[in-house]
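Report on the following structure.
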Amino acid sequence: RAIAGIMVTIPEYFAGKNVLITGATGFMGKVLLEKLLRSCPDVKAVYVLVRQKSGHAPSARIADMVNCKLFDRLREEHPNFPDKIVPMSSDLTQPELDVSREDQQTLVDCINIVFHCAATIRFNEPLKDAMQLNVLATQKIMALAHRMKHLEVFIHVSTAYANCDRSVIEEVVYPPPVDYKKLIDALEWMDDKLVNLITPKLIGDRPNTYTYTKALAEYLVQQECGSLNVAIIRPSIVGASWKEPFPGWIDNFNGPSGIFIAAGKGILRTMRASNDAVADLVPVDVVINATLAAAWYSGSQRYTRPKSLLVYNCTTGGINPFHWGEVGMNVSLV
């Protein structure tokens, strides 16, 4: 923290800290893990909640993940970085996150900073599944965070589109159209057919269950954070890296990346879109830098910063708008 008016740097703040990351195997989670270990080499340990998948244990999944090109620069600069990663078996959809009692106690005793990145980003996810992953999992992570003895800051990664039904989105948490607690209770007894039937009415002007449940999750965080030091990051459409660890890194063909690649290859020749609509793209490394900076500010200034929950819109459309009508021209120039 700031001492005698001197603010510590981001690497200095993270030095000696134990960090917990959910969603570390996802697109943003990987970049967060790499950037944290590379730029803050004195971080004590990074705990990652990972579910077993296709018979592969969490430790094996992480070992395989860090062998990808994304971690090459980190490997050159800090060859022993895997020693600081502590995988823990978890399933966010299960009671108590399916984390063992022993691992829970470890987290309760040592974690200083939480980055909650895990979410489903499928636009067509059934409402029940989206609620499980985006709302209930957030509630469980917050419950665990309340037990942590040395927690300094909790960062919740949301989306700028959580409130896409509004023409102006300020850096505040907006109340959702329904009480999330009542919706959770109702979904307990409703069958899938009934839920699917009422989903369009529930989500209203929002285009999908993703944006709807992310809005509910934000409100849940605000309502249940209590005395926790919390900040929310709202990125727009997260795309390939700008600079770090190298330009152009991407691990999927989702969203605009798939469109650009398909157009560049000549596979996609037409697309239905408004030429004047803003494609609010933001590089993943910009989002991760903002996320780490938010944790640093909220943590290092926790005794002097505003007591209210802080929200950061991480977007480009307001300052450097890129329109869908420009896609064809720019892709053809590459």
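Just so it is clear, none of the values below were taken in a lab; they were calculated from the coordinates. Keep in mind that what you see is a predicted model, and the values were worked out from it rather than measured. Note that we place each Cβ from the backbone using ideal geometry, even for glycine, and neighbour counts take in every protein chain shown.
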Quick one: if the Förster radius is 56 Å, what FRET efficiency do THR304 and ARG269 give, using the C-beta to C-beta distance and rounding to 0.05?
0.50
Scan the chain and note any complete DSSP helix (H) whose C-alpha atoms cover at least 20 Å along its axis and whose Kyte-Doolittle average is -1.0 or more.
209-224, 284-300
Which cross-chain or sequence-distant (5 or more) residues have an amide H under 5 Å from the amide H of VAL230, H modelled 1.01 Å from N in plane?
PHE154, LEU310
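Compute the length gained on full extension between ALA63 and ALA262: take 0.36 nm times their separation in residues and subtract their Cα-Cα distance, giving the result in nm to one decimal. All intermediate terms of the calculation are to be shown ahead of the outcome.
Values: separation 199, 0.36 × 199 = 71.64 nm, distance 3.13 nm.
Extending this stretch completely gives an extra 68.5 nm.
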Apply the Kirkwood formula to the chain: the hydrodynamic radius equals the inverse of the mean of 1/r over all pairs of different alpha-carbon atoms; give it in Å with one decimal.
21.0
I'd like the FRET efficiency for SER100 and VAL8, computed as 1/(1 + (r/R0)^6) with the beta carbon distance as r and R0 of 35 Å, rounded to 0.05.
0.55
R0 = 25 Å: FRET efficiency of GLU77 with ALA45, Cβ-based, nearest 0.05?
0.85
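List, in the order given, every pair from LYS182/LYS307; LYS30/LYS182; LYS44/LYS149 whose Cα-Cα distance in the structure shown is over 24 Å.
Long pairs (Cα-Cα over 24 Å): LYS182/LYS307; LYS30/LYS182.
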Cα shape, the range 1-103, gyration tensor, a/c 1.5 rule
oblate
Beyond 16 Å, what share of the Cα-Cα pairs of the range 17-57 remains, rounded to the nearest whole percent?
38
With the 8 Å Cα cutoff and a minimum separation of six or more residues, the chain has a relative contact order in percent of 19
Per-residue Cβ neighbour rank within 10 angstrom, fewest leading, THR213, THR199, THR291
THR199, THR291, THR213
One finds the C-alpha centres of the range 211-262 and the range 187-202 to be spaced, in Å, by 27
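Report the convex hull volume per residue for the range 222-300, counting only C-alpha atoms, in Å³.
Hull volume over Cα atoms, normalised by residue count, gives 143 Å³.
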Simple SL model, points at 7 angstrom along Cα→Cβ for ASP276 and GLU188; separation in nm is 4.9
Give me the distance in nm between label points sitting 7 Å out from Cα along the Cα-to-Cβ direction at ASN254 and ASN196, one decimal.
2.3
Most exposed to least, judged by fewest other Cβ atoms within 10 Å, TYR161, TYR174, TYR212, TYR303 sort to TYR303, TYR174, TYR161, TYR212
Can you work out ³J(HN,Hα) from phi for every residue in the range 111-124, in order, using Karplus 6.51 cos²θ - 1.76 cosθ + 1.60 and θ = phi - 60°, giving whole Hz and x for Gly and Pro?
6, 9, 9, 10, 10, 9, 9, 5, 5, 9, 10, 6, 6, 9
How much mean residue ellipticity at 222 nm does the chain get from its helices, if each DSSP H run of length 4 or more adds -39500 (n - 2.57) and you divide by all residues, to the nearest 500 deg cm²/dmol?
-11500 deg cm²/dmol
